[in-house]
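Just so you know, all these numbers are worked out from the coordinates, no wet-lab data involved. Quick caveat, the model's predicted, so the values are computed rather than measured. In this analysis, Cβ positions are derived from the backbone assuming ideal geometry, glycine residues included, and neighbour counts consider all displayed protein chains.
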Amino acid sequence: MSTNINLLIHTDKETLRQKKRIIFFNLAAAVSLIGVGLIYFGIAILIQIVNPGSLEREHQKLLVEMSKLQSRQKNLFTLNNRIENINKIMKARDTISKKANILFTKVPSKLPLESFEIDNKSVILVGQSNSLSVIGEFLSSLTDMVRKKDTIKSLTLNNLELDTEKNVYNISVRSEF
Amino acid sequence: MEQKVNVDITALIIIFNKNKSYILPVLIMLISLFLFLQFVPPQFNALIKAREEAKATLAKIAKLKENLNILSNINDAELNSQLQTLSLALPLRKDYVGILDTINLTAKKTKVDVGSFSIRIGDISTSESNADFFPMIRFPVPISTDIVGAYRFVDEISQAAVPLSNVYYVNAGKDSASVGLAFYYMPLGSTSDVSPDATVVPVSQKGLKLIDQLIELQKESLQETSLVSVATSSAFK
């Protein structure tokens, strides 16, 4: 019977385990250090690739070229500004002559106008006729226009009188646009 | 039986000797962690910022290239001619000469006599206030004509293109009339605000059509002016 106790075997196993652990830790330390370095320099390389500096130089170069065409750019800006404003004005301005022309067509030939006053908001017509039926025809035309909302939206009879000296009727009407 | 742990220097030395192989790697890992936290996030932020700057600069470059392309294809002479046409229709400042010419020409064309009128000479650089917002010079013009003649005058001047005008009232009687005229103008404002980076917009088709219309109207006006001049000069022979 052998009474020898081989303690070395157990010592070797433990030492091996410990050695493995140490190697692992050393490896982890090395990897972490190298890893951090790689990440840092990797990002630095990406920044270089993106290179906003060279793009900024190209931008400046194009700005210099644009500055040579600056007067042309300003003229074009002025041109577009004029076009825009002319279009706005042409849309916004009242066309009194158009409204007047429409109203003239409603005035019977036997009702000569004494005066015609028109602005952006209203019109006053003063006429004279020796026939009440002509005046009636005139008023009907204007009433129709109001009903159809054609040009005028109201009609007021300011005055209707008989001038006994000239034997004519004087009529004055006012309408609003 | 309780085990007594004797913590003294000897024990600490034994613990140290047992674990000394782990100290260096752990220290290195801690340093790596510190370096990572200290340097990597700022570097990453710098990358994001660089990408954003690059993106913005690329957009500006694209816009500038497009602007250069548009401007390079524009003929200066044509541009100036178009600008002149539009500036006649909508002057940059109060164009008294243009206004007087237009009234005179319209009166001659419609065979009405224009009475004396006055135009208030105000500050050329400021605009008159008005409800319509567009700057304009407004004044009444007396004319010696009947109602029909007054409306012929109003019709004619409403179509005048040089400068752009509007009739804001008419008061016509049997022998005389008063016509309220408004002539537009529009100061440009500072063109030094036009930045090289600003988007360049070419003239639209609608704009070109407007320019052509104004050129036609102005040509007609010029023809009428020359006809009136010939008629006037013939009358004095």
Quiz item: Near B:Lys18, which aspartates and glutamates are there with a Cα under 19 Å away, not counting those fewer than 8 places off in the same chain?
Solution: A:Asp12, A:Glu14, B:Asp8
Self-check item: B:Ile13 paired with B:Val26, simple spin-label distance in nm, labels 7 Å along Cα-to-beta-carbon
Solution: 2.1 nm
Quiz item: Under a Cβ-Cβ cut-off of 13 Å, what is the net charge of the residues other than A:Ala28 that fall near it, where Lys and Arg count +1 and Asp and Glu count -1?
Solution: +2
Quiz item: Using all Cα-Cα distances in the protein assembly as shown, what percent lands in each 20 angstrom bin from 0 up to the longest?
Solution: 17, 29, 18, 12, 10, 8, 5, 1, 0
Exercise. Take the Cβ-Cβ distance between A:Glu176 and A:Ser109 as r, set R0 to 25 Å, and report the resulting FRET efficiency rounded to the nearest 0.05.
Key: 0.45
Practice problem: List, in the order given, every pair from A:Lys149/B:Lys174; A:Lys74/B:Lys63; A:Lys110/A:Lys153; A:Lys110/B:Lys109; A:Lys98/A:Lys153; A:Lys68/A:Lys91 whose Cα-Cα distance in the structure shown is over 27 Å. | Solution: A:Lys149/B:Lys174; A:Lys110/B:Lys109; A:Lys68/A:Lys91
Quiz item: Can you put B:Ser72, B:Ser81 in order, fewest other beta carbons within 10 Å first?
Solution: B:Ser72, B:Ser81
Self-check item: Calculated FRET efficiency for the pair A:Ser54/B:Val148, C-beta based, R₀ 56 Å, to 0.05
Solution: 0.15
Quiz item: Under a plain spin-label model, where a point goes 7 Å from the Cα along Cα-to-Cβ, how far apart in nm are A:Lys153 and A:Ile45?
Solution: 7.5 nm
Quiz prompt | Span per principal axis, largest first, for the Cα atoms of the range A:69-177 (Å) | solution = 78, 29, 21
Quiz item: Ranking B:Phe117, B:Phe153 by Cβ neighbours within 10 Å, fewest first, what do you get?
Solution: B:Phe117, B:Phe153
Quiz item: How large is Rg/Rh for the range A:1-126, to two decimals, with Cα atoms and a Kirkwood Rh?
Solution: 1.81
Exercise. Work out which helices of chain A, taken as complete DSSP H runs, extend at least 24 Å along their axis over the Cα atoms and score a mean Kyte-Doolittle of 0.5 or more, then list them.
Key: A:7-50
Practice problem: Can you grab the distance from the C-alpha centre of the range B:74-90 to the C-alpha centre of the range A:110-177, Å, no decimals? | Solution: 47 Å
